[in-house]
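The values are calculated or read from the model by the stated rules, or taken from the named source; none is laboratory data. Computed from a prediction, not measured in an experiment: that's the story for all the values here. So basically every Cβ, Gly included, is an ideal-geometry build from the backbone, and we count neighbours across all protein chains shown.
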Amino acid sequence: TCIQGQWSCVDLDCPATCSIVGGSHITTYDGKAYTFHGDCSYVLSKQTNKTAFTVLGDIVKCGKTDIETCLRSVTLVTPESMMIVIEASGKVFVNKMFSQLPLFMADVKIFQPSTFYIVVHTSYGLRLEVQITPIMQVYIVASSSHKEKTQGLCGDFNSVQADDFRTINGLVEGTAVTFADTWKNKASCPDVAQSFEIPCSLSVENERYAKHWCSMMSDRAGIFSQCHTEINPNYYKEICQYDSCNCERSEECMCAAVSSYVHACAAAGVLLSGWRNTTCGKYSSSCPDTMVYDYTMTSCDRTCRSLSQPDFTCQLDHVSVDGCGCAEGTYLNDQGECVPASRCSCYHGGTVVPPGEVTSIYGVTCSCRQGKLSCAGEPKQLSCEEPMGFFNCSSAGPGAKGSECQKSCQTLDSHC
């Protein structure tokens with residue numbers, strides 16, 4: 001604020017984002033950007049408290065050269081030692097078991113706002129926004145409660161870039177490679193050698209391709225210009241050219257870099273639309289059958305389950321994302337298809353009632369219509385003898401404690 005000709009500044013407790021894009025370009029919570037071509041599982045971010053969360057990234061070589069690397073999977077280890085693995089294919093595993101999305105647990109919620117992104121939302125101030133199209137990229141958002149309490153490839157989140165290359169032993173290294181090698185999650189992985197190769201210097205044709213498409217981000221009269229005052233496009237243009245020249249699948253890597261700029265703009269409050277009309281249009285025109293593409297896609301209240309049960313994804317914050325999903329007025333069924341409400345099953349507790357079928361609930365006859373149960377007559381009043389109370393699983397939220405953990409004289413000391 002300008003007061004009597006002098007700036008008066010206040011530090012705000014804002015969340016910070018660490019990103020791993022293009023399989024090698026990392027920006028720390030404090031904004032330090034570097035390139036690292038790993039070949040192992042690395043600690044991306046973890047709390048200094050050993051019992052708290054850890055985020056791992058599996059970076060592998062995926063081309064003909066040592067500097068063509070890809071992010072193959074992202075793993076979140078929760079404070080309760082639950083292991084959540086998201087693969088580049090979009091498959092999600094919880095404690096090595098394949099899990100369908102959305103998934104709601106007490107401290108972790110996992111859902112897919114569009115076919116391009118998977119979001120992991122935690123109750124302890126950590127959010128993972130995992131991009132899976134065209135390639136895997138990840139954005140780790142940490143709340144201010146984690147400030148000065150993190151370590152790993154994402155840095156220590158203390159608003160100082162100079163010490164972001166702090167190793168696992170507490171020393172501050174001068175180069176990205178020597179720093180990153182200390183954060184390997186497997187001792188058997190070899191150290192990575194420093195590379196000074198400039199990919200675009202190896203092919204005039206690749207360089208011309210990269211400059212043509214990547215320069216669109218910095219075009220002052222182009223579709224991206226409305227974000228220039230919020231997010232400088234030069235860094236994204238540089239990594240776009242680097243990756244376009246470096247990747248065997250140039251278009252995928254170019255589009256991934258462009259989408260990372262779009263994501264940064266969305267995080268800053270600038271929603272870009274129309275850009276796929278001039279570049280990377282194949283991803284918006286190849287949605288699965290029954291789905292449509294949108295620059296601000298959402299899954300909130302667009303599933304068959306949301307017609308008969310509360311949709312908890314509507315309460316969860318995340319950066320606006322693009323991708324394929326169900327158009328307004330259609331709903332995602334358990335087979336992954338977008339259908340009208342008339343073709344939606346109904347859900348009551350753990351019971352699934354197909355459309356048009358009749359069932360009995362609490363002694364009342366109900367039929368499934370438009371994704372909702374329509375019941376005739378008055379349901380039985382559910383009550384419990386004092387001092388017990390009735391717990392309704394159908395309306396309970398994630399993490400609610402029900403009858404699974406009743407106290408008795410024999411379990412007074414057990415933890416519920």
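Note on segment 220-234: among residues that are surrounded by 17 or more Cβ atoms within 10 Å (Cβ to Cβ) and in contact (Cβ under 8 Å) with a residue 24 or more places away in the chain, the one that is nearest to residue 207 (Cα to Cα) is 233.
From the set of residues in segment 305-338 that are hydrophobic (A, V, I, L, M, F, W, C) and more than 30 Å from residue 275 (Cβ to Cβ), which is surrounded by the fewest Cβ atoms within 10 Å (Cβ to Cβ)? Per the criteria, the residue is 312.
Listed here are the residues, each with its yes/no results for (1) modelled with pLDDT of 95 or more; (2) of a type in the set (S, T, N, Q); (3) farther than 27 Å from residue 260 by Cβ; (4) assigned by TED's automatic domain parsing to the domain that holds residue 111.
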{"site": "305", "(1), (2), (3), (4)": "no, no, yes, no"}
{"site": "308", "(1), (2), (3), (4)": "no, yes, yes, no"}
{"site": "311", "(1), (2), (3), (4)": "no, no, yes, no"}
{"site": "317", "(1), (2), (3), (4)": "no, no, no, no"}
{"site": "328", "(1), (2), (3), (4)": "no, no, yes, no"}
{"site": "336", "(1), (2), (3), (4)": "no, no, no, no"}
{"site": "351", "(1), (2), (3), (4)": "no, yes, yes, no"}
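The number of residues in segment 24-72 being closer than 26 Å to residue 14 by Cβ, aliphatic (A, V, I, L, M) and in a loop (DSSP other than H, G, I, E, B) comes to 1. Criterion applied to 58, 66, 39, 30 was being touching a Gly at 6+ places or on another chain (Cβ under 6 Å) and not polar (S, T, N, Q), and the one residue passing it is 30.
Working only within segment 28-42, note down all residues that are surrounded by 20 or more Cβ atoms within 10 Å (Cβ to Cβ), farther than 16 Å from residue 129 by Cα and in contact with a Lys or Arg (Cβ under 9 Å, 6 or more places away or on another chain). Selection gives 37, 38, 40, 42. All conditions but one from (1) crowded, with 19+ Cβ neighbours inside 10 Å; (2) within 23 Å of residue 254 (Cα to Cα); (3) basic (Lys, Arg) apply to residue 302; the one that does not is (2).
Hey, could you check segment 339-367 for residues that are assigned to a strand (DSSP E or B) and under 34 Å from the mean Cα position of the chain (by Cα) and say which is surrounded by the most Cβ atoms within 10 Å (Cβ to Cβ)? Looking at the filtered set, the residue picked out is 346. Number of residues in segment 296-322 that are touching a residue at least 60 places away in the same chain (Cβ under 8 Å), out of contact with any His (no Cβ under 8 Å at 6 or more places or on another chain) and assigned to a helix (DSSP H, G or I): the value is 3.
Identify, please: which residue in segment 235-273 is at pLDDT 95 or above and in a loop (DSSP other than H, G, I, E, B) and is, among those, surrounded by the fewest Cβ atoms within 10 Å (Cβ to Cβ)? Step by step, filter segment 235-273, then rank; the result is 269. Any residue at all in segment 105-121 that is aliphatic (A, V, I, L, M), out of contact with any Gly (no Cβ under 9 Å at 6 or more places or on another chain) and loosely packed, with under 14 Cβ neighbours inside 10 Å? Scanning segment 105-121, I find no residue that is aliphatic (A, V, I, L, M), out of contact with any Gly (no Cβ under 9 Å at 6 or more places or on another chain) and loosely packed, with under 14 Cβ neighbours inside 10 Å, so the answer is no.
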